[in-house]
Amino acid sequence: MVQGFAAILLFDFGWFREQFCIIMCPYGRFQSVLMDKHSKAVMYDEARGEPRGKAKKGSEKQYGDCVNCYKCVAVCPTGVDIRNGLQLECIACTACIDACDDIMTKLGRPKGLIRYSSEAAMQGQPSKSATPRVLAYSAAIALLCIAFTFFVSRKDSLNIQVLRAIEAPYKMVTNAQGHNVIVNHFRIHVNNHKGRDVKLISLKTSTAVEIVAPTLPMTVGSNQDAWVHFFVKAKQGSPEVFDGPKTVTAEFLEDSDKTNYRKLPYSLLGPTK
């Protein structure tokens, strides 16, 4: 497991690198859906920076603060030119902010040409924190959290399932009294998600059949699963036994003084005559 994660990380950071952010990372997708003009992000101050270029001595053309040095593009891990606006590949690492501030400091100009701000603030408008979109998404997230908590709390931490064994549907044997007996082989899959061990003590069903479980009683550890094999023996010539689904009652000991009974459905196969 550890070696597998190490190999994935080496592949990601050694070869795949920024392609992960561009192709696979869901951050940009979430960001594009949730953002509006009042959302804060890494942004370029176009009004202050344009037109781009380096002012030359004696030139009458007026340039903005952006000297077109491309430092912001060079340091971007996904190759985004933030001056073209917010893009899907932007992961908001703010490396471009540091690079631009360093250039502005060397040129003696104010920092913040690229800064963490909102579109409304860039246009001189007051920013709003509680916009209808923010409220709607907040309500949706809250409902999802409530639903997730509800379903998790109702999830059975002791999952038990009866499955037919992978072999012949049934077998015909003769018992010590010379009677023909139909034998069905089943498996119980016990998945224990509890924080403590549980013990399967016995299996019980109607008196018309006989339950044989050679491995019982069995203890299933915390956060472990186990397979319990059992055999159902029924005399041939008992049609009521094979008529419709039956239930087997599994008796579990979850605590030293607490017994839990689970009724598990199963169906017998075999000739009735």
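Values in this text are rule-based calculations from the coordinates and carry no lab data. It should be emphasised that the depicted structure is a prediction, and the values quoted were computed from it without experimental measurement. Note: ideal-geometry Cβ built from the backbone for every residue, glycine included; neighbour counts use all protein chains shown.
Extending each Cα 7 Å along its Cβ direction at N180 and S222, get the distance between those two points in nm, one decimal.
5.2
What's the center-to-center distance, using Cα atoms, between the range 65-108 and the range 1-35 in Å?
22
How much length is gained if the chain between Q19 and C93 is pulled fully straight, taking 0.36 nm per residue apart and subtracting their Cα-Cα distance, in nm to one decimal?
Full extension from Q19 to C93 adds 25.1 nm.
If you consider only alpha-carbon coordinates, what radius of gyration and Dmax does the chain have, in Å?
34.7, 118
Counting other C-beta atoms within 10 Å, which of V173, V212 has the fewest, and how do the rest follow?
V173, V212
Which lysines have a Cα lying under 17 Å from the Cα of K37, excluding residues fewer than 8 positions away in the same chain?
Leaving aside lysines fewer than 8 places away in the same chain, those within reach of K37 are K128.
What's the extension gain from K40 to V73 if we count 0.36 nm per residue and subtract their Cα-Cα distance?
9.9 nm
How tilted is helix 132-154 with respect to the longest principal axis of the chain? Cα atoms for both, answer in degrees (0 to 90, nearest 10).
20
Are there trypsin sites (Lys or Arg not before Pro) in the range 32-96 that DSSP marks as loop and that have at most 12 other Cβ atoms within 10 Å, and which are they?
Qualifying residues, ordered by number: K54, K56, K57, K61.
Please list, in order, the residues from the range 12-45 whose amide nitrogen is less than 19 Å from a point placed 7 Å along the Cα→Cβ vector of A139.
Those under the cut-off are 34-36.
Using helices alone, I'd like the mean residue ellipticity at 222 nm for the chain: each DSSP H run of four-plus residues gives -39500 (n - 2.57), total over residue count, nearest 500.
The helix contribution divided over the chain gives -7500 deg cm²/dmol.
Which of D45, D12 comes first, and how do the rest follow, when ranked by fewest Cβ neighbours within 10 Å?
In increasing order of surrounding Cβ atoms, one gets D12, D45.
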